[in-house]
Ligand code: FAD
């Protein structure tokens, strides 16, 4: 079986769930080879959990400065690995950084790039949702090593323990003039909530929430369900909630088990980021709101009356 390179998302100590999803997707095409980019010792810490989720080899692309620059070390590492042994494909999570890594890699390799895959078959045909969610298309790369970004939540992680081979990649020194250096890190204000793209449950608020204070009901429901909080662009633009939580075409793409939309109308640009969620619940006081056409369960009512009842009901179980 050919290797399929998977770029590992991690925080130095822990592999993000999106990587386990990539490993499950990669197995459809070949043997998943996980590429860990980070400070020395990172790959050794992450190897066991990657092996449990089906990685058959782990590339350690480590250097003291690898964690100090945005995207460039990851692009360098993937390029080295591809040139060393051309894989069947390279899979990267469709996160903000992942999209940039994939685009730069495809340009360097002169390869075709497919973005935001929600499905993938063994012949390399990728299903994508395009034009802000208006169409579903099936595409295949016909030039070079396929570089594919995969929408977080689109694949189920699968445990697949086995032997894992270790390989090392020697990263070139990063050219500071051509790379963005990380100068500070600030913790996201999400507290103990799961990451938006990793969460099994996302509760999002829209303009209907009416004010930053109103997001308390959204947060309370999310916390009762152990979920993440999202927001529509209208809510973000109005200053109700920070931009990093925006869901949609110009925000994050999510595909949780359960997506609850509170006071969100269902504009196509919002749907683009959440319509592949497994179950969608919408609360809206307008029975004509387009989100109710997409929702598996719709409640026509005031979110400030409905959401607290839901929270109470969940907390009582
Ligand atoms: P509205 O459309 O104003 O809807 C508010 C809803 O709340 C209404 O349906 C109303 O009935 C309901 N409501 C009001 N009060 C209550 C209440 N008390 N209880 C229950 N329901 C109530 N949008 C995104 O979300 N994400 C994106 O990434 C994004 N990218 C975009 C990119 C481009 C290029 C463009 C042009 C637009 C983009 N948009 C995006 C904006 C998008 O078109 C919509 O304007 C936005 O999604 C609307 O947000 P909303 O549903 O919260 O607000």
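Some notes on this structure:
- Rounded tilt (10° steps) of 96-109 against the dominant C-alpha axis of the chain: 30
- Debye log10 I(q)/I(0) for region 161-261, one point scatterer per Cα, at q = 0.13, 0.22 Å⁻¹: -0.60, -1.06
- DSSP beta bridges fully contained in the chain are about 20 percent antiparallel.
- A straight chain from residue 315 to residue 181 at 0.36 nm per residue would run longer than the Cα-Cα distance by 43.9 nm.
- From the alpha carbon centroid of region 163-181 to that of region 50-69 is 10 Å.
- The ellipsoid equivalent to the alpha-carbon distribution of region 133-220 has semi-axes of 35, 24, 19 angstrom, derived from the gyration tensor eigenvalues as √(5λ) and listed largest first.
- Stokes-Einstein translational diffusion, region 247-317 - Kirkwood Rh over all Cα pairs, 1.306 mPa s, 10 °C, in µm²/s: 128
- Against the chain, whose longest principal axis is taken from its Cα atoms, helix 303-315 shows a tilt of about 60°.
- Debye log10 I(q)/I(0) for region 206-305, one point scatterer per Cα, at q = 0.13 Å⁻¹: -0.37
- Listed residues 242, 176, 40, most fluctuating in the chain (Gaussian network, C-alpha, under 10 Å): 176
- For region 91-245, the average shadow cast by the Cα convex hull is 13.4 nm², which is a quarter of the hull's surface.
- When restricted to Cα atoms, region 60-113 yields an Rg and a Dmax of 11.0, 32 Å, respectively.
- Here is the P(r) of region 1-84: all C-alpha pair distances, binned every 10 Å from 0, give 20, 55, 24, 1 in whole percents.
- Average projection, convex hull of the Cα set of the chain: 16.6 square nanometres.
- Gain on full extension, evaluated as 0.36 nm per residue between residue 70 and residue 110 minus their Cα-Cα distance, stands at 12.2 nm.
- Taking only the Cα atoms of region 54-147, the radius of gyration and Dmax are 14.1, 44 Å.
- Dimensionless Rg over Rh [region 93-166; C-alpha; Kirkwood]: 1.01
- 0 to 90° range, to nearest 10: angle between helix 72-84 axis and the chain longest Cα axis: 50
- Convex hull (Cα only) mean projected area of region 185-244, reported in nm² to one decimal: 4.0
Coordinate-derived values only; no laboratory data. Because the structure is predicted, anything quoted here is derived from the model rather than measured.
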